[in-house]
1. For the stretch 19-58, enumerate the residues that are on the phi > 0 side of the Ramachandran plot and not in a loop (DSSP other than H, G, I, E, B).
2. Going residue by residue through the stretch 73-82, is there one that turns out to be farther than 28 Å from residue 177 by Cα, surrounded by 14 or more Cβ atoms within 10 Å (Cβ to Cβ), in contact with a helix residue (DSSP H, G or I) (Cβ under 9 Å, 6 or more places away or on another chain) and not assigned by TED's automatic domain parsing to the domain that holds residue 175?
3. So in the stretch 47-58, with the set limited to residues that are out of contact with any strand residue (DSSP E or B) (no Cβ under 9 Å at 6 or more places or on another chain) and free of Cβ contacts under 8 Å to residues at least 24 places away in the same chain, which one is surrounded by the fewest Cβ atoms within 10 Å (Cβ to Cβ)?
4. Is it the case that some residue within the stretch 59-71 is assigned to a strand (DSSP E or B), free of Cβ contacts under 8 Å to residues at least 40 places away in the same chain, surrounded by fewer than 12 Cβ atoms within 10 Å (Cβ to Cβ) and in contact with a strand residue (DSSP E or B) (Cβ under 7 Å, 6 or more places away or on another chain)?
5. How about the stretch 14-34: which of its residues are in contact with a strand residue (DSSP E or B) (Cβ under 9 Å, 6 or more places away or on another chain) and under 19 Å from residue 82 (Cβ atoms)?
6. Please pick out the residue among 132, 193, 154, 169 that is at pLDDT 60 or above and more than 21 Å from the chain's Cα centre (by Cα).
7. Modelled with pLDDT of 90 or more and either outside the structural domain of residue 176 (by TED's automatic domain parsing) or under 30 Å from residue 143 (Cα atoms) (or both): which single residue out of 24, 102 fits that description?
8. Among the residues of the stretch 1-38, count how many are surrounded by fewer than 12 Cβ atoms within 10 Å (Cβ to Cβ), under 16 Å from residue 76 (Cβ atoms) and touching a residue at least 12 places away in the same chain (Cβ under 8 Å).
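The values are calculated or read from the model by the stated rules, or taken from the named source; none is laboratory data. As the structure is a prediction and not an experimental result, all values here were calculated from the model. Note that each Cβ is placed from the backbone with ideal geometry, even for glycine, and that neighbours are counted across all protein chains shown.
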């Protein structure tokens, strides 16, 4: 069976070392499961599980001595992902997954109108409800094809992880749902905490 998740040599060696400390480790495999979503990304659970407990339809692959178990319902969501150690060192594992959940799944969102209207719909219905849980919000300040200029306010303004939020969350969602957008630009003056420094060019 073709592997669903590719495991780097470094990660495989580390996991095999951990398995050696487990009772009945020779009967266990690494189970990788998608347990839900966290904004624009999937949420995962990695655990050691008995290989014989795998169910019909699950993917069980021997990766050079490491058996990797992927539940059937997680296969499509993990196809082509890579498990590795953090590049900067430290504990834990890094799962790089090219697949992302559909942010509109289960939501009554209809994207109609011109590009600014569709952007504002996504901000209002999909993005800001999540940002609002942390006291933040995002709003469209300008659309100059192919760039959308986004201001982040409230708890997002001056936040150290706001650039990650913009790139991994807002930009991904907007670009995935609106093909006219090729770039999302953060126009927030995070240092000053006042108005954004961007002014639309005059044409």
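1. The first filter runs over the stretch 19-58 and keeps only residues on the phi > 0 side of the Ramachandran plot, leaving 24, 36, 39, 57.
Once the filter is applied, which keeps residues that are on the phi > 0 side of the Ramachandran plot and not in a loop (DSSP other than H, G, I, E, B), the stretch 19-58 yields only 36.
2. Within the stretch 73-82, the first condition is being farther than 28 Å from residue 177 by Cα, and the residues that meet it are none.
So far as the stretch 73-82 goes, no, none of its residues is farther than 28 Å from residue 177 by Cα, surrounded by 14 or more Cβ atoms within 10 Å (Cβ to Cβ), in contact with a helix residue (DSSP H, G or I) (Cβ under 9 Å, 6 or more places away or on another chain) and not assigned by TED's automatic domain parsing to the domain that holds residue 175.
3. Pass one, the stretch 47-58, residues out of contact with any strand residue (DSSP E or B) (no Cβ under 9 Å at 6 or more places or on another chain): 52, 55-57.
Cutting the leftovers down to free of Cβ contacts under 8 Å to residues at least 24 places away in the same chain gives us 55-57.
Values: 55: 9, 56: 5, 57: 9.
Across the stretch 47-58, the extreme among qualifying residues is 56.
4. Of the stretch 59-71, the ones assigned to a strand (DSSP E or B) are 59-63, 66-70.
With free of Cβ contacts under 8 Å to residues at least 40 places away in the same chain added as a condition, the list becomes 62, 67.
Of the ones still in play, those that are also surrounded by fewer than 12 Cβ atoms within 10 Å (Cβ to Cβ) are none.
Taking every residue of the stretch 59-71 in turn, none turns out to be assigned to a strand (DSSP E or B), free of Cβ contacts under 8 Å to residues at least 40 places away in the same chain, surrounded by fewer than 12 Cβ atoms within 10 Å (Cβ to Cβ) and in contact with a strand residue (DSSP E or B) (Cβ under 7 Å, 6 or more places away or on another chain).
5. So the first thing to find is which residues in the stretch 14-34 are in contact with a strand residue (DSSP E or B) (Cβ under 9 Å, 6 or more places away or on another chain), and the list is 15-16, 18-19, 22, 24-25, 27-34.
Selection gives 15, 16, 18, 29, 30, 31, 32, 33, 34.
6. Numbers: 132 fails: more than 21 Å from the chain's Cα centre (by Cα); 193 fails: at pLDDT 60 or above; 169 fails: more than 21 Å from the chain's Cα centre (by Cα).
Selected residue: 154, the only one of 132, 193, 154, 169 that is at pLDDT 60 or above and more than 21 Å from the chain's Cα centre (by Cα).
7. On the way: 102 fails: modelled with pLDDT of 90 or more.
Answer to the selection: 24.
8. Matching residues across the stretch 1-38 total 2.
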